[in-house]
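The values are calculated or read from the model by the stated rules, or taken from the named source; none is laboratory data. All figures in this text were calculated on a predicted structure; none of them were measured in a lab. We place every Cβ from the backbone using ideal geometry, glycine too, and count neighbours over all the protein chains shown.
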Amino acid sequence: MRRLLLLGLLLLTATGCPGEDDDDDDNDRPDAGNPAATATIRGQLTPFRGNGESAEEGGVSREAHLPFSKAEWTKLRAKLQGLHVRKDGPVVTDPDLPIVPPPVGTPPLARIPQTDPTIPGDVILRFEAAGLTPEHVLEAAKLPGYRAVHKGYASEYLHLVGFEALDGHAVTADETRELVAKLATLPGVRYADRNLRVYKLKVPNDKGYSLQWHYPTINLPAAWDIESDATGVVVAVIDTGIVSHPDLDARVLPGYDMIQDATNAGDGNGRDSNPQDVGGDEPNGGSSWHGTHVAGTVGALTNNTIGVAGVTWNARILPVRVLGKDGGSGFDIAAAVTWATGGNVPGIDDTPTPAKVVNMSLGGPGAPQKTYQDVINAAVGRGAIFVIAAGNENVDASNSTPCNQENVICVGSTNFSGRRSSFSNFGAKVDVMASGGEMTEDLNGDGYPDGVLSTARDENNQPAYVFLQGTSMATPHVAGVVALMAAASAKAGTTLTPALAESVLKSTATAIPASQCSGGCGAGLINAQAALARVANLSPGTLPPQLNVTTSSLFFRGSGVQPLTVSNVGGNKGGDLAVTATVTGTQAGAVSFPSGATVAVPAFGSATLNVAVNTAGLPDGDYTATLNLTGSNLAGSAGTATVLVKISVGTTPDLDAVVAFVWQDEKGKWQASEDAITLARASAGYAYSLKLVPRTYYSLATIDDDQDGELFEEGERTGYWRNLDSFEPLELEDDQTLTGVSYDLVPLAPVDDNPTLVVGGTCSSDASCPGGYCVTGFPGGYCTQDCSTAACPVGSKCYIVSSSGTKACLQTCTTQVGTGQGDCRDSNYVCYSDGTGVGACQPNCKSSGLSCATGKTCASDGFCR
């Protein structure tokens, strides 16, 4: 029925929309009635598939920054809504060329041409002499047929010169390469470089440390036990600038706006001392707040009862703005690197707070640049440590600059389970990996896409918290850990050098199979605790082992295998940690350990326990089982932990997606046509193919999840090419075929910035229970709070839980009181009667592995009697 409703909606047609301007009418479209569509575009969508829970029901959700203004979006949405959608399946123009998913490992963008990043006419000149005047530079750079303009400094040696043709023609990128070659031979010039355009590297919202799954994956909570105070360390965030946010303001130092081009800057001037992100860096006025999101991961205010946590609890953030409405230039970035690390840029006052760590979540295609290497080497000489994103194109990072420069730490992205994110660049240039997300997944079953949560602003320009994914999100994890390493080194009486930082990160990285990849993922996933222990000179032989797990739950949609990372957050006093797993619960028989149920974990290290689920024979429905993990060594017990395994069987077949290719007319208005909309069918793996009239397109897609006939609504899975935060054009030429126009669809939903305690909810630590604490010994964890002085939340009741009179909230239940599970959260719990007609949810003694109190035994129904 749902498919029929969708199909009925899509077959509706309309010749126009009420209230549309005359120039928006279909008859005015350049391709109206034109059958000669000569270009082909193909791709495959990847929709988010969670555990079936509604983000709205959970009280937490995400919100994307739409790439259109609200008025334009309303108008375009109405236009799309009324147009006839191609209904003849994913193969719409080439019946002899069936669409098949690309083979595993095939870079999805292989057939999409890279835009030349050269800024036409701009040449960076590096002179041997320092402090040359603009007049001297222009005299030296004279070339016949061109007028030269001095456009600024990036250091005392680096100058930007713009060349304009005297005959009035527009200087091309190829012509600029010729200029660079000629100028490189001038006396006194060490080298000449193109000025390359670069962009932020990121791809999407809510609040609360309990949703920051990405910190336990790098053993950060254990690292904080070694060092969380990086008060004296400055981290430069060279990015889009920063906006005021209550979870950041106290950390931010006076920075700088290094964008020379006033049009690109969007703030009415060129370089100035105000690094505020003015937004508008997305098409038609949308804003990514990219630099603010990155800064929040480095150092959002932590342990302050609100918002999200930062990797560092006290580091200072030095924002330097280099990315504007049209990305950024390599010359401006070079100037930012010089200034932020204590170098001199003529005409600008030196910063009184030079950065020890530099985060650069930006980049673009290109070979290593002499300009970048020049300023990086100088900054490294001043003691600065560079952490740079590898890029999000799923290609070898050797052609992604500045990640491919020397003396930098290049960072790739991993997902929840530690595997390389589908979008992350890879290769020999990648040094280490860190958690950057994968928003089409929900591997812990919390109902939300596995993105990185940090500070930003919402559509109304109010402070908010958003999920994003990308190597841009992985990079500040590493930058923050390096800042903690610098603080720990200082306390140990040593100095963290750039070479030492890279060496320690690599040598302590978690080299588990999940964090390795055939294309090259460096040393693996960073291990924050091990890195800090190394620089703090902690001897593992003096500490006993201690078991830790990175998650309290795993989610399986049908049969499959997931790696569970188990860690030793202690040492090896008495021997390495041995972790043994058992399974309890009504569906224990569906869970197994294909690589063995016991793994050895070294001091400050991690290991993989592969968990398999086989749903054969299970009727459609949702099930749970509990992993019981026990740690030990020769000296005895080393801790226990439980992980809830959530299993979903026989879910409803997914819905088809609507794919649209829109464009802007000469007046800048968004246009759409019936010929440029099609279906990506779920039955075909969401692959699509479409013939289009050649022009510059933008692609967007959605699934009408609630089947109400309204597209692109909050809560529905939506995506854009290239991703939700980077609405990029597709240049389609005559007789051209573009393949690999593939992107993710993730749910959009309202924002609730005030997470509340859910008594009885799953948890892995106290941070998972806002305002309360976590009983980790209960299956899957159990959130509660002390109720001796405060009332319990709705749905729970205050009970005395120990002989000493300790009071705590327990989840209440009203069905099967004293006889079964009732309305407790899963089969690991039963409803104990309290004699008042209601009950309290407590562990089922048959499946929990817990012992009954003295004088009671575990009955067959799961109650201690």
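Can Val482 be described as assigned to a strand (DSSP E or B) and either modelled with pLDDT of 90 or more or closer than 27 Å to Ser210 by Cβ (or both)? It is false that Val482 is assigned to a strand (DSSP E or B) and either modelled with pLDDT of 90 or more or closer than 27 Å to Ser210 by Cβ (or both). Among the residues of segment 655-695, count how many are assigned to a loop (DSSP other than H, G, I, E, B) and either aliphatic (A, V, I, L, M) or within 23 Å of Arg722 (Cβ to Cβ) (or both). The qualifying residues number 12. Looking across Cys841, Cys824, one residue alone is modelled with pLDDT of 90 or more and either under 21 Å from Gly585 (Cα atoms) or assigned to a loop (DSSP other than H, G, I, E, B) (or both). It is Cys841.
Look at Leu554 and say whether it is in a strand (DSSP E or B), under 27 Å from Gly437 (Cβ atoms) and in contact with a strand residue (DSSP E or B) (Cβ under 6 Å, 6 or more places away or on another chain). For Leu554, the condition - in a strand (DSSP E or B), under 27 Å from Gly437 (Cβ atoms) and in contact with a strand residue (DSSP E or B) (Cβ under 6 Å, 6 or more places away or on another chain) - is met. The conditions of being of a type outside the set (Phe, Trp, Tyr) and either assigned to a helix (DSSP H, G or I) or under 28 Å from Asp446 (Cα atoms) (or both) are not met by Ala578. Note on segment 558-569: residues that are in a loop (DSSP other than H, G, I, E, B) and touching a helix residue (DSSP H, G or I) at 6+ places or on another chain (Cβ under 8 Å) amount to 1.
For segment 552-579, the set of residues classified as under 18 Å from Phe416 (Cα atoms), buried (at least 20 other Cβ atoms within 10 Å of the Cβ) and among the β-branched types (Val, Ile, Thr) consists of Thr565, Val566, listed by residue number. When we screen Met485, Met473 for residues that are in contact with a strand residue (DSSP E or B) (Cβ under 8 Å, 6 or more places away or on another chain) and under 26 Å from Ala250 (Cα atoms), the only hit is Met473. For segment 234-263, which positions are over 22 Å from the mean Cα position of the chain (by Cα), in a loop (DSSP other than H, G, I, E, B) and more than 12 Å from Gln276 (Cβ to Cβ)? Selection gives Leu253, Met258, Gln260, Asp261.
Please verify whether Thr353 is in a loop (DSSP other than H, G, I, E, B), among the polar types (S, T, N, Q), surrounded by fewer than 24 Cβ atoms within 10 Å (Cβ to Cβ) and modelled with pLDDT of 95 or more, treating the condition exactly as stated. Reasoning before the result, please.
Details: in a loop (DSSP other than H, G, I, E, B): yes; among the polar types (S, T, N, Q): yes; surrounded by fewer than 24 Cβ atoms within 10 Å (Cβ to Cβ): yes; modelled with pLDDT of 95 or more: yes.
When the stated conditions are applied, Thr353 passes them.
When segment 766-808 is limited to residues that are within 16 Å of Val643 (Cα to Cα) and not hydrophobic (A, V, I, L, M, F, W, C), the one that is surrounded by the fewest Cβ atoms within 10 Å (Cβ to Cβ) turns out to be Gly777.
Within segment 623-663, the set of residues being out of contact with any helix residue (DSSP H, G or I) (no Cβ under 8 Å at 6 or more places or on another chain) and modelled with pLDDT under 85 comprises Asn633, Leu634, Ala635, Gly636, Ser637, Ala638, Gly639, Gly650, Thr651. What are the residue pairs meeting all of these: first residue in segment 214-238, first residue in the same structural domain as Leu362 (by TED's automatic domain parsing), second residue part of a loop (DSSP other than H, G, I, E, B) and of a type in the set (Lys, Arg), Cβ atoms under 8 Å, and 6 or more apart or on different chains? Qualifying pairs under 8 Å: Val233/Lys356; Val234/Lys356; Val235/Lys356.
Does Leu500 qualify as being in the same structural domain as Cys403 (by TED's automatic domain parsing), in a helix (DSSP H, G or I) and more than 23 Å from Gly427 (Cβ to Cβ)? Judged against the criteria, Leu500 is a match.
Counting only residues that are touching a Lys or Arg at 6+ places or on another chain (Cβ under 7 Å) and at pLDDT 90 or above, which one in segment 488-521 is farthest from Arg420 (Cα to Cα)? Restricting to residues being touching a Lys or Arg at 6+ places or on another chain (Cβ under 7 Å) and at pLDDT 90 or above, the top hit is Val504.
Taking residues in segment 589-611 that are over 17 Å from Thr508 (Cβ atoms), and partners anywhere that are in a loop (DSSP other than H, G, I, E, B) and aromatic (Phe, Trp, Tyr), the pairs with Cβ atoms closer than 9 Å and at least 6 places apart or on different chains are Leu609/Phe593; Asn610/Phe593; Val611/Phe593.
Restricting Asn392, Asn407 to residues that are crowded, with 24+ Cβ neighbours inside 10 Å and assigned to a loop (DSSP other than H, G, I, E, B) narrows the list to Asn392.
To keep it simple, each residue is scored yes or no on (1) among the hydrophobic types (A, V, I, L, M, F, W, C); (2) modelled with pLDDT of 90 or more; (3) surrounded by 22 or more Cβ atoms within 10 Å (Cβ to Cβ).
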| position | (1), (2), (3) |
| --- | --- |
| Pro275 | no, yes, yes |
| Asp281 | no, no, yes |
| Thr292 | no, yes, yes |
| Asp326 | no, no, no |
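Can you name the residue in segment 524-546 that is part of a loop (DSSP other than H, G, I, E, B) and in contact with a Leu (Cβ under 7 Å, 6 or more places away or on another chain) and is also surrounded by the fewest Cβ atoms within 10 Å (Cβ to Cβ) among such residues? By that ranking, first place goes to Pro545.
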